[in-house]
Structure formats: C-alpha cells, structure tokens
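Asker: Before anything else, here's the structure in question.
The values are calculated or read from the model by the stated rules, or taken from the named source; none is laboratory data. All values derive from a computational prediction rather than experimental measurement. Reconstructed Cβ throughout: ideal geometry from the backbone, glycine too, with neighbour counts over all protein chains shown.
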Amino acid sequence: MRRFAGLILLVASSGALSSETENAAATLCAESETALFSCPVGAKILSLCASSPLTPDSGYVQYRFGSAAKVELEFPGSKVHPRNSLTLFGSGFARGYVAHLNFNVGAYTYVVYDRLVGAFQNGRPEGHDHYAGVIVAKRGKVVSRLPCSDTSGARFQGSFEGIIPDGGGYEYWWFADI
C-alpha cells in the first residue's frame, strides 16, 4: 500500500491533477466534502465524496451516481468510515498506473477505475491515455462499463494509506478490453 500511496502523492505533486474548480463543475459532492474522484458519465455524474478531514480513524467516503437532481445510488447508505466497505487496488508501472476502488451491493460489484497509460507515436513515448469510469459486474460477469466522458476530475486524489484497505495489486481482468 505504501508503494501505491506514494504513487498517488507523486501524481498529485506532479501537477497531473485537475484544479478544484474543474472538479466542482461535475460532482455530486457537497461543498463541505472533498471530491476524491468525479466525472460525467453520459448525462450522469459519478463521484467519490469524502469528509474533510478523512483520517485512518475518522471520516467517510461515499460513492454517488446520478444527477444533481437525483442521486440514483449512494454507497454506503450512511456516512461511515470506508475500512469495512471499500477496497483499493493499485499498481504503478513504466509510464503509467492503474487503480480501482471496489465495493459490493448485493450480487453486484462496482469497480471505480483510474488508469493512466503512456502513449507511443512512431515508437516513441508521447503523452498519456487516461481511462476512468465504473465497471459493474453481477456475480463476476461484467454487465456494464460506464467510461467518464471527461477524465479531468477522474484521478484518485490524496493518499488512502491506512484509510481504505489495500487489496494488493490490481485485478487485470476488469481492464481486458479498455
């Protein structure tokens, strides 16, 4: 987890994260909350909202999906610490990283993902491709892939070390066709 937490901090300090103003444009988080991840998915919004502060001993993280007029799914339903409801997976590699936060609602598994992959042009590294969104699976079979239409606010922000349990390396099969 320390390796991944360092990766998150490295991305944050490199200036790769969007500004708070950009994030505020498409979020379901309240003004008193921190948007850890937020992006438009078609006409809907996907957000990970956290209390401020969020520490290893206090605070909450909630997944929200819907519109400003109606949140269709909020998990967990109450504002509880994420240690028992969310699992974080992640790995850094040459010219990129992959991270995903998983949770279960009944038979469904939700995977909020953030993936940055180095792009190549004529055999040379040039820029990055950023993929983010949510994957929904029912009993292990993917039933929906909802990519962010704008990934500028869709990078996990902050360090989750000691806050969200580390599931180890990432589970590749979620990303096989992204």
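Asker: Looking at (1) more than 15 Å from the chain's Cα centre (by Cα); (2) touching a residue at least 12 places away in the same chain (Cβ under 8 Å); (3) in a strand (DSSP E or B), find the lone condition where S91 falls short.
Answerer: (1)
Asker: Out of the residues in region 32-59 that are in a strand (DSSP E or B) and of a type in the set (S, T, Y), which is farthest from S152 (Cα to Cα)? Walk me through it before giving the result.
Answerer: Within region 32-59, the subset in a strand (DSSP E or B) is 34-41, 44-50.
Still in the running and of a type in the set (S, T, Y): 34, 38, 47.
Values: T34: 16, S38: 9, S47: 13 Å.
Here the answer is T34.
Asker: While we're here: Just to be sure I understand the filter: pairs with C-beta atoms under 6 Å, separated by 6 or more residues or on different chains, first member in region 51-78 and acidic (D, E), second member assigned to a strand (DSSP E or B). Which pairs pass?
Answerer: What qualifies is E72/F65; E72/G66; E74/Q62; E74/R64.
Asker: So which residues in region 154-166 are among the small types (G, A, S), over 13 Å from V112 (Cα atoms) and at pLDDT 80 or above, if there are any at all?
Answerer: G162
Table: residues versus (1) at pLDDT 85 or above; (2) among the charged types (D, E, K, R).
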{"site": "L46", "(1), (2)": "yes, no"}
{"site": "K79", "(1), (2)": "yes, yes"}
{"site": "R83", "(1), (2)": "yes, yes"}
{"site": "G92", "(1), (2)": "no, no"}
{"site": "R95", "(1), (2)": "no, yes"}
{"site": "V111", "(1), (2)": "yes, no"}
{"site": "R124", "(1), (2)": "no, yes"}
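Asker: OK, next. Out of S78, S91, S144, S67, which single residue is small (G, A, S) and closer than 18 Å to I163 by Cβ? If you could, list the steps in order and put the result at the bottom.
Answerer: Details: S91 fails: closer than 18 Å to I163 by Cβ; S144 fails: closer than 18 Å to I163 by Cβ; S67 fails: closer than 18 Å to I163 by Cβ.
Exactly one of S78, S91, S144, S67 is small (G, A, S) and closer than 18 Å to I163 by Cβ, namely S78.
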